[in-house]
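Single-structure report; data block below.
Each reported figure results from applying straightforward, stated rules to the coordinates on display, with no laboratory input. Please read these numbers as outputs of a predicted model, since none were measured by experiment. So basically every Cβ, Gly included, is an ideal-geometry build from the backbone, and we count neighbours across all protein chains shown.
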Amino acid sequence: MEKRDELYAGKAKSVYQTDDADLLVLAFRNDTSAFDGKKVEQLDNKGAVNNQFNAFIMGKLKEAGIPTHFEKLLSPTEALVKRLDMIPVECVVRNVAAGSLCRRLGVEEGIDLDPPTFEMFLKNDALGDPMINEYHVRSFGWATDAQIEQMKALTFRVNDVLKALFMAGNMLLVDYKLEFGVFHGEITLGDEFSPDGCRLWDRDTREKLDKDRFRQGLGSVVESYQEVGRRLGITFEY
Ligand code: ADP
Ligand code: UDP
């Protein structure tokens, strides 16, 4: 496999073509952003930690039968993935109220959500990733009915697998965002699952161990991601 031209540089990852039209290289950078790119910093080792964290989680999801784009790790900061036609919709499941849900509905952070909620947001930084519903997705042709149902079902299956996984490490999976795409007709999980795109709290103290440490200027951002990895048994290489 040969890495070729850069296709796209996002806020945290760069995407490269390869000599195989079906495969891409994802390079995880140290850039860390919040508030739709308005706050940006470089955090040492964040790219390596997120790449290897994501590889571990994608492996667990594959074992559970969830179709993912992940193929293999190429280096501490790079992974080989299937090239997906991305659906521009962020799928969010929440087990506990936090973040934009609290701001939008005026509810207190930390309330248990039983059953968990499912929300969709349009992936569009210029518009601030507005919340959308299934009708918008259908009317604008971002995904079909069947694809929406599959994304929703897969996002909830990921919840079952990962809630248990994090619970075993004494952590609460508060909420998370997933992105899907289509690979040869099949809805497939893409992008990444890392503490950059989810909320994780220590189960006893409710200490935040995720990107809220960066958003809220709490410090020890990468150290917290490493602590989450340590609790899951991940050994990071740099
Ligand atoms: P953003 O675009 O939100 O700033 P990133 O910096 O993480 O995000 O950039 C990665 C980009 O690559 C995202 O736009 C994401 O949708 C896209 N992407 C992730 N996985 C795949 C894949 N398997 N195939 C094609 N594109 C992907
Ligand atoms: N999220 C994400 N990317 C986004 C928006 C949200 O990864 O562009 C994640 C976020 O880290 C959290 C979940 O999705 O785990 C729900 O985010 P929320 O809607 O509460 O938005 P925020 O408070 O982060 O603006």
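Table for the structure above
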item: Subset of region 194-233 that is hydrophobic (A, V, I, L, M, F, W, C) and surrounded by fewer than 18 Cβ atoms within 10 Å (Cβ to Cβ) - its residue that is farthest from Leu162 (Cα to Cα); result: Leu218
item: Filtered residue count, region 21-47, keeping only those that are in contact (Cβ under 8 Å) with a residue 40 or more places away in the chain and either assigned to a loop (DSSP other than H, G, I, E, B) or under 20 Å from Arg215 (Cα atoms) (or both); result: 15
item: Residue match in region 50-64 (condition: in contact with a Phe, Trp or Tyr (Cβ under 9 Å, 6 or more places away or on another chain), touching a residue at least 40 places away in the same chain (Cβ under 8 Å) and either in a strand (DSSP E or B) or surrounded by fewer than 16 Cβ atoms within 10 Å (Cβ to Cβ) (or both)); result: no
item: Options Arg29, Arg4: the member that is of a type in the set (D, E, K, R) and near ligand 1 (Cβ under 9 Å from one of its atoms); result: Arg29
item: Residues of region 192-222 satisfying the condition of being without any contact (Cβ under 8 Å) to a residue 40 or more places away in the chain and within 10 Å of ligand 1 (Cβ to nearest atom); result: Gly197
item: Residues of region 183-197 classified as under 15 Å from Thr155 (Cα atoms) and touching an Asp or Glu at 6+ places or on another chain (Cβ under 6 Å), total; result: 2
item: Residue that is farthest from the chain's Cα centre (by Cα) [pool: residues in region 73-90 that are more than 13 Å from ligand 1 (Cβ to nearest atom) and among the aliphatic types (A, V, I, L, M)]; result: Leu74
item: Unique match (being farther than 26 Å from Gly37 by Cα and without any contact (Cβ under 8 Å) to a residue 40 or more places away in the chain) among Ser100, Ser75; result: Ser75
item: Residues within region 31-50 that are of a type in the set (Lys, Arg) and under 15 Å from the mean Cα position of the chain (by Cα), tallied; result: 1
item: Boolean, Val81 is closer than 24 Å to Lys123 by Cα, surrounded by 15 or more Cβ atoms within 10 Å (Cβ to Cβ), touching a strand residue (DSSP E or B) at 6+ places or on another chain (Cβ under 9 Å) and not charged (D, E, K, R); result: yes
item: Scope region 228-238; condition in a helix (DSSP H, G or I) and either within 16 Å of ligand 1 (Cβ to nearest atom) or over 20 Å from Ala12 (Cβ atoms) (or both); matching residues; result: Arg230, Arg231, Leu232
item: Any hit, region 91-105, residues being surrounded by 17 or more Cβ atoms within 10 Å (Cβ to Cβ) and within 15 Å of ligand 1 (Cβ to nearest atom); result: yes
item: Close pairs from region 128-157: first among the small types (Gly, Ala, Ser), partner assigned to a helix (DSSP H, G or I), Cβ under 8 Å, at least 6 apart; result: Ala143/Val137; Ala143/Met151
item: Segments classed as strands (runs of 3 or more DSSP E), wholly inside region 100-213, with at least 3 members that are closer than 21 Å to Leu84 by Cα and within 13 Å of ligand 2 (Cβ to nearest atom); result: 112-122, 171-183
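Rundown of residues vs (1) under 19 Å from Gly141 (Cα atoms); (2) crowded, with 19+ Cβ neighbours inside 10 Å; (3) not aliphatic (A, V, I, L, M), yes/no style:
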| residue | (1), (2), (3) |
| --- | --- |
| Asp160 | no, no, yes |
| Gly169 | no, no, yes |
| Leu173 | no, yes, no |
| His184 | yes, no, yes |
| Ile187 | yes, yes, no |
| Glu192 | no, yes, yes |
